[in-house]
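Q: The structure under discussion is supplied below as structure tokens; questions concerning it will follow.
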Amino acid sequence: ETGVTQSPTHLIKTRGQQVTLRCSSQSGHNTVSWYQQALGQGPQFIFQYYREEENGRGNFPPRFSGLQFPNYSSELNVNALELDDSALYLCASSLDTQSRGEKLFFGSGTQLSVL
Amino acid sequence: GENVEQHPSTLSVQEGDSAVIKCTYSDSASNYFPWYKQELGKRPQLIIDIRSNVGEKKDQRIAVTLNKTAKHFSLHITETQPEDSAVYFCAAFRTAVRSSASKIIFGSGTRLSIRP
């Protein structure tokens, strides 16, 4: 196990609703990144947080937003849900963005279904 | 835009044979190349990685090679076993430098099946 925990494990929402996903990073890790993994696809980078600030973003619209807290845990918020948002959302923590921070430790993910 | 192409998308090999998965990346600033194994319903797990200043790395039955000039890297699994069956993802990572954020792009995955 990686020590990265995500909640909830499964979630069902309807189109237009808002959702908040949570992630607790591995002890000692100060960087958290979020990924969207559609069925049969590789993870797509959403954004990364380092010391409570966004530090890199993929090609996702502004309705995907996030937070990182002083204890380095993180939230992913998605507004105005669309059917295509249905996917597995993975959180990964790492030690640092500039020093061996590339090694990602993934959580088990939140499976989001939008109906 | 920048991308990582991974081939093949599916691969079936006889138990005991070798499996090779190949990836090509476009971002010449990428400097770290991990491989992840994802079993059904589970999280991706790092199985091996290589940095841009190294051409080859081996860990027991798993090896990765990198050709930085050609921008491609490969995963080699020898003496395959049933527990090697999973989806494998390559990724190309660019470490953050000054105000430029780090960036990682994953391949689309290879579903490896080991036939008994």
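Q: Of all residues in segment A:36-58, how many are more than 17 Å from B:Thr95 (Cβ to Cβ), facing chain B (nearest Cβ under 8 Å) and not in a loop (DSSP other than H, G, I, E, B)?
A: 1
Q: Something else: Does segment B:50-69 hold any residues that are more than 26 Å from B:Asp17 (Cβ to Cβ) and either touching a strand residue (DSSP E or B) at 6+ places or on another chain (Cβ under 6 Å) or surrounded by fewer than 13 Cβ atoms within 10 Å (Cβ to Cβ) (or both), and which are they?
A: Correct list: B:Arg51, B:Asn53, B:Thr69.
Q: Next question. In segment A:71-84, is there at least one residue being within 23 Å of B:Gly109 (Cα to Cα) and either modelled with pLDDT under 90 or in contact with a His (Cβ under 6 Å, 6 or more places away or on another chain) (or both)?
A: Within segment A:71-84 (the criterion being within 23 Å of B:Gly109 (Cα to Cα) and either modelled with pLDDT under 90 or in contact with a His (Cβ under 6 Å, 6 or more places away or on another chain) (or both)), the answer is no, since none of the residues qualifies.
Q: Among the strands (runs of 3 or more DSSP E) confined wholly to segment B:1-62, which include 3 or more residues that are within 10 Å of the chain's Cα centre (by Cα) and under 14 Å from B:Phe93 (Cβ atoms)? Lay out the reasoning, then the answer.
A: Values: elements: B:4-7, B:10-14, B:19-25, B:32-38, B:45-51, B:56-59.
Those strands (runs of 3 or more DSSP E) span B:32-38, B:45-51.
Q: Evaluate the following for A:Gln26: is it within 14 Å of chain B (Cβ to nearest Cβ) and under 13 Å from the mean Cα position of the chain (by Cα)?
A: Judged against the criteria, A:Gln26 is not a match.
Q: Given (1) aromatic (Phe, Trp, Tyr); (2) touching a Lys or Arg at 6+ places or on another chain (Cβ under 8 Å); (3) touching a residue at least 24 places away in the same chain (Cβ under 8 Å), where does A:Phe47 come up short, assuming only one miss?
A: Of everything listed in (1) aromatic (Phe, Trp, Tyr); (2) touching a Lys or Arg at 6+ places or on another chain (Cβ under 8 Å); (3) touching a residue at least 24 places away in the same chain (Cβ under 8 Å), A:Phe47 misses just condition (3).
Q: Does A:Gly107 satisfy being more than 14 Å from the chain's Cα centre (by Cα), more than 22 Å from A:Thr14 (Cα to Cα), within 14 Å of another protein chain (Cβ to nearest Cβ) and surrounded by 19 or more Cβ atoms within 10 Å (Cβ to Cβ)?
A: The answer is no for A:Gly107.
The values are calculated or read from the model by the stated rules, or taken from the named source; none is laboratory data. Since this is a predicted model, take the numbers as computed values, not measurements. Using ideal geometry, Cβ is built from the backbone for each residue, glycine included, and neighbour counts are taken over all protein chains shown.
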